[in-house]
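The values are calculated or read from the model by the stated rules, or taken from the named source; none is laboratory data. Computed from a predicted structure; not experimentally measured. Cβ sites come from the backbone with ideal geometry, for glycine too, and all protein chains shown count toward neighbours. In case anyone asks, the SASA skips ligands and DNA or RNA and just uses the protein heavy atoms, side chains included. Shrake-Rupley method; radii C 1.70, N 1.55, O 1.52, S 1.80 Å.
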Amino acid sequence: MKLDNKLKNLPTSPGVYLMKNARHKVIYVGKAKNLRHRVRSYFQRERGDRAYTEYLVRHVVDIDFVLTETEKEALILENNLIKQFKPRFNINLRDDKTFISIKLEVNTKFPYPKVVRQIADDGARYFGPYASARAVRETLRYINDIIPIRKCPDTVFKNRVKPCLYYQIHKCLGPCCDLVDEVTYQGLIDQVILILKGKQEDLVWVLKEQMYEESKALRYEKAAKIRDRIRAIEETVEKQKIHSMTFVDRDVFGYYLAGNEVWIEVMFIRSGNMEDVASYHFPTNYNIIEEVFRSFLNQFYSQTRFIPAEVIIPVESADSRLLEEWLADKKGKKVVVINPKRGDKVRLVEMAQKNAENAYRVSQTHEGDLTRTLMTLKETLKLKHIPERIECFDISNIFGKHAVGSMITFEQGKPNKSRYKRFRIKTVGQIDDYAMMHEVLSRRYIRAVEEGDLPNLVMVDGGKGQMGVALKVFDELAISNVDLIALAKGKKESPALDGKGEEQIFVPWMSNPVVLASSSPELLLLDKIRDEAHRFAVAYHRKLRRREYYASPLDEIPGIGLARKKRLIKCFGSIEGIRNATIGQLTEIGKLPVKYATEIFHSLHKAEAPVAETANQCE
């Protein structure tokens, strides 16, 4: 009855609607230009080909809505609410791909290419994005090898008093010591830009002109260096997969449907060259492909990322004009969203479609291999269950200091980072790996037993000792239906031999460890899991050590956060410099309110008062 009343009184204005189930949980978020028309369409008997709505409305018992001034505001609000509620029936893009770009601060003196993850409107030039750090490293290695620009970061550059080794081997012209003028250096940056734009042919032509000029002026050594640079460029294999005479920035999308899952491929084309690709895979949640793409594009571009001049998609989108307006506002320039019907752009979409299908084929092969590997593990190690969910533990400490434990989770042979856990050892003060392992396992599985959240297999890094600790915890908590193994690095037969010994897998109730072939998929998977647990533990351990190393008296002062702490260190050079500053200097130079400047001054000088009193008493 409540739902019927809401449907009768829906407004006709733009807005966002939130569908809820019997538990009052948001299960779908949508936006509409006309809320009444859009929401009522879900409950009409004639739904055309939108069969997925029938499945959705069976779960809807209540609807809330938020009115907005425009449809564009509704679009932005829809994205935010999907991130907040993660509704079951929405496409929820968990974009864990951190795209990397190359930044050139062309407005500064002696710039150099930097790797950044955020694009800002700061007058710099950005190239990319690159989905893989490897692609960035290869590009920068190529640039630094053939063009003698600076390699050192700003902090080193501004303090250098003599040229570094790169200057000695002719890989840098020494701008740090003013050994090259700005005009000459800018010429090198222009060459870098040509490479980053994929215009190596143009660069070769420029360099040949320079070589001929140097040769005419009888500067043969310089001409020879330029000749070598030309050869290096000409010998470089062309890495671009696409080259177009239209130097336009484009994002090209393709998809492949398989059952209730979709694979989406994005090709990033910059200045006519394909820089990189990215793949996404998620369930369609019974949505038709047009609705999938509508939601995907809206969430994709709500992230902080480079916005191209053209967005080319394989389906018609009801939001294309709205998306154009929104992206143009973010970019500050015109953006077009195109669903091509003919010509070169259709061929680009077809290429993206083929890549999406290939991503699906690869995933199926990989998942099939993992399934077989897990089944073989069960048979080989005589496990009770197929280890579809594995939890692995590791301990990290240096002389017992900052001791930590890690737990990582693999599901269906792949890491599930949302289930990773870190433990700071609380009850063990001395070096005792067994006691530390006991604490970590107990803390984890006391809660897991209460919540009914036990894995199929528990794996510990170590030998019989660590396995014995785990068995003790299982006995204390009456855990009997979970498999357990320990993985230990075997000893080398001879210290003189290179490499590691055989890996040994300890299984309860087996007198001897199981030894698998070093190249077997089962051992490679277990090694991967153990190494990931070790990496995760060490990363946490380093974080705690780093936090202690960078601790300062400023951390104890309320209101002095990281930003203010950094600014004060930058202004005064060190803690000692801050201590020597007056309240007036802290206020004026450090840009602090008088209240915080006074607190810092008295806090850093309070230790001096008892010393002074003691001195007076002695006198």
HIS24 vs. criteria farther than 18 Å from ILE76 by Cα, at pLDDT below 90 and within 34 Å of the chain's Cα centre (by Cα):
yes
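This table checks each residue for (1) out of contact with any Gly (no Cβ under 9 Å at 6 or more places or on another chain); (2) closer than 30 Å to PHE506 by Cβ; (3) of a type in the set (Asp, Glu).
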site	(1), (2), (3)
LEU322	yes, no, no
GLU325	yes, no, yes
ILE338	yes, no, no
ALA352	no, no, no
ASN355	no, no, no
ASN358	yes, no, no
SER363	yes, no, no
MET375	yes, yes, no
HIS385	yes, yes, no
Enumeration of residues in segment 26-37 that are more than 16 Å from PRO87 (Cβ to Cβ) and either open to solvent by less than 50 Å² (accessible area, probe 1.4 Å) or without any contact (Cβ under 8 Å) to a residue 40 or more places away in the chain (or both):
ASN34, LEU35, ARG36, HIS37
Collect the residues in segment 575-607 that are open to solvent by 50 Å² or more (accessible area, probe 1.4 Å) and outside any helix (DSSP H, G or I), keeping them in residue-number order.
THR582, ILE589, LYS591, PRO593, LYS606, ALA607
TYR112: passes all of (1) within 26 Å of the chain's Cα centre (by Cα); (2) outside any loop (DSSP other than H, G, I, E, B); (3) among the aromatic types (Phe, Trp, Tyr) but (2)
Look through segment 526-554, keep the residues that are open to solvent by 70 Å² or more (accessible area, probe 1.4 Å) and modelled with pLDDT of 85 or more, and return whichever of them is farthest from ASP394 (Cα to Cα).
LYS528
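Counting just the residues of segment 555-567 that are touching a residue at least 24 places away in the same chain (Cβ under 8 Å) and either touching a strand residue (DSSP E or B) at 6+ places or on another chain (Cβ under 6 Å) or in a helix (DSSP H, G or I) (or both), which one comes out least open to solvent (accessible area, probe 1.4 Å)? Give the derivation first.
As a first pass, look at segment 555-567 and keep what is touching a residue at least 24 places away in the same chain (Cβ under 8 Å): 556-560, 564, 567.
Filter once more, so that each one left must be either touching a strand residue (DSSP E or B) at 6+ places or on another chain (Cβ under 6 Å) or in a helix (DSSP H, G or I) (or both): 556, 564, 567.
Working: GLU556: 148, ARG564: 66, ARG567: 82 Å².
So the residue we want is ARG564.
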Give segment 352-372 a look and list any residue that's crowded, with 16+ Cβ neighbours inside 10 Å and of a type in the set (A, V, I, L, M), or say none.
ALA352, ALA356, ALA359, LEU370
Looking only at segment 195-221, count every residue that is open to solvent by 40 Å² or more (accessible area, probe 1.4 Å) and modelled with pLDDT of 75 or more and tell me the total.
14
Of everything in segment 3-25 that's in a helix (DSSP H, G or I) and without any contact (Cβ under 8 Å) to a residue 24 or more places away in the chain, which residue is most open to solvent (accessible area, probe 1.4 Å)?
LYS8
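Kindly check whether there is at least one residue in segment 193-209 that is outside any helix (DSSP H, G or I) and free of Cβ contacts under 8 Å to residues at least 40 places away in the same chain.
no
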Filtering segment 400-410 down to residues that are more than 19 Å from VAL473 (Cβ to Cβ) and either touching a Ser or Thr at 6+ places or on another chain (Cβ under 6 Å) or at pLDDT below 90 (or both), which residue is least open to solvent (accessible area, probe 1.4 Å)?
GLY400
Might you check whether a residue that is over 20 Å from ILE91 (Cα atoms), among the β-branched types (Val, Ile, Thr), open to solvent by 20 Å² or more (accessible area, probe 1.4 Å) and outside any helix (DSSP H, G or I) occurs anywhere in segment 273-282?
yes
Step by step: first the residues of segment 411-455, then only those that are open to solvent by 30 Å² or more (accessible area, probe 1.4 Å) and on the phi > 0 side of the Ramachandran plot, then the one that is nearest to the chain's Cα centre (by Cα). Which residue is that?
GLN412
Inter-residue pairs, beta-carbon under 7 Å, first surrounded by 14 or more Cβ atoms within 10 Å (Cβ to Cβ) and in segment 514-525, second of a type outside the set (A, V, I, L, M, F, W, C) and in a loop (DSSP other than H, G, I, E, B), 6+ apart
LEU525/GLY413
Filtered residues of segment 393-445 (kept if of a type outside the set (D, E, K, R) and under 30 Å from HIS366 (Cα atoms))
PHE393, SER406, MET407, ILE408, THR409, PHE410, GLN412, GLY413, PRO415, ASN416, SER418, TYR420
